[in-house]
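Peer 1: This is the structure I have questions about; it appears just below.
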Amino acid sequence: DISLRAIDVIGTSDFLYAEDTRNSKKLLNFINIKKHCRSFHEHNEDKVTPKILNQIKNNIPIRRSAELTYGIRNFIGNAVKFSKNNVTVDLISENNSDIIIKISDDGPGFPEDIIKALGEPYIKSKSKLSKNNAGLGLGTFLGKTLLERQSAVISFENGSALSGAKVKIKWSVNDLSN
């Protein structure tokens, strides 16, 4: 099942990235959208993330910085790490005044006992639903801190469109411009 809104968003997107382009190509053919879908997964994220940022930069005048690259890459990497199968990254420009990046996955979501403390260092969930490879939150702390130094407002929530975790990163266009 796919909603008409999802078809519209896919059809009007400038760029399409997917973890498994073979399945995505089948979907694009089924909904009659002739667009090239590029690969993005945990094995190529370090190489592909700067390319995605350059594509975005070519459309919106964004000041290039290591903080933006690392912070966004960190949250995408975490989504890939904790997802079951799917991760989406949505780039939204609201009235040419705000830029929002929403990173969603179909994993277990954020543990409820720490969701309000996400972004603080040295936190560990007591939830049994947490994966054993869940760390102490240092990557999230660093990513959040670096993006906030670039005037981002970051929020964490559960129940994304894919049913897992969602990270929302928002800037004013003026804060990102040269």
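Peer 1: If I model a spin label at residue 98 and residue 12 as a point 7 Å from the Cα along the Cα→Cβ vector, what separation in nanometres do I get?
Peer 2: So the label points at residue 98 and residue 12 sit 1.7 nm apart.
Peer 1: Hey, another quick one. What FRET efficiency would be calculated for the residue pair residue 64, residue 126, taking the C-beta separation as r and a Förster radius of 41 Å, to the nearest 0.05?
Peer 2: That pair, residue 64 with residue 126, gives E of 0.55.
Peer 1: OK, next. So for the pair residue 116, residue 22, with labels modelled 7 Å out along Cα→Cβ, what separation do we get in nm?
Peer 2: Rounded to a tenth, the inter-label distance reads 4.6 nm.
Peer 1: Okay, moving on. Can you list the residues, at least 5 places off or on another chain, whose amide H is less than 5 Å from the amide H of residue 87, using H built in the peptide plane?
Peer 2: Amide H neighbours of residue 87, under 5 Å, 5+ apart: 19.
Peer 1: Quantify, in whole percent, the carbon and sulfur part of the accessible surface of the chain (1.4 Å probe; protein heavy atoms only).
Peer 2: Carbon plus sulfur share of accessible area: 50 percent.
Peer 1: Continuing with the same structure: Identify, among 78, 2, 48, the residue whose Cα sits farthest towards the positive end of the charge dipole of the chain, taking +1 on the Cβ of Lys and Arg and -1 on the Cβ of Asp and Glu, with the dipole about the Cα centre.
Peer 2: Going by the Cα projections, it comes out as 48.
Peer 1: Can you give the relative contact order of the chain as a percent, counting alpha carbon pairs under 8 Å and 6+ residues apart?
Peer 2: Relative contact order here is 21 percent.
Peer 1: Next up: Keeping all protein chains in place, calculate the accessible area per residue for the chain (probe 1.4 angstrom), answer in Å².
Peer 2: So the chain comes to 61 Å² accessible per residue, rounded to a whole number.
Peer 1: Here's a follow-up. Would you kindly state how much longer the chain becomes between residue 175 and residue 39 on full extension, computed as 0.36 nm times their sequence separation minus their alpha carbon distance, in nm to one decimal?
Peer 2: Using 0.36 nm per residue and subtracting the Cα-Cα distance, I get 46.0 nm.
Peer 1: Cross-link list 84/168; 35/81; 84/170; 26/126: which exceed 29 angstrom alpha carbon to alpha carbon?
Peer 2: From the list (84/168; 35/81; 84/170; 26/126), the Cα-Cα distance tops 29 Å for 26/126.
Peer 1: Please report the equivalent ellipsoid semi-axes of the chain, computed as sqrt(5 x eigenvalue) of the Cα gyration tensor, largest first, in whole Å.
Peer 2: Square roots of five times the eigenvalues give 26, 22, 14 Å.
Peer 1: Here's a follow-up. Along region 16-33, what does the Karplus equation 6.51 cos²θ - 1.76 cosθ + 1.60 (θ = phi - 60°) give for ³J(HN,Hα), rounded to whole Hz, x for Gly and Pro?
Peer 2: Taking θ as phi minus 60°, the curve returns 10, 10, 8, 5, 10, 5, 5, 5, 5, 4, 4, 5, 4, 5, 4, 8, 6, 10 Hz for region 16-33.
Peer 1: Follow-up question, since we're still on this one. Only four residue types carry charge here, +1 at the Cβ of Lys and Arg and -1 at the Cβ of Asp and Glu. Report the dipole size of the chain about the Cα centre in Debye, rounded to the nearest 20.
Peer 2: 380 debye
The values are calculated or read from the model by the stated rules, or taken from the named source; none is laboratory data. These numbers were taken from a predicted model, which means no experiment stands behind them. Every residue, glycine as well, gets a Cβ built from its backbone with ideal geometry; the counts of neighbours run over all protein chains shown. For the accessible areas, the whole protein counts, side chains as well, though only heavy atoms, and no ligand, DNA or RNA atoms are used. Shrake-Rupley method; radii C 1.70, N 1.55, O 1.52, S 1.80 Å.
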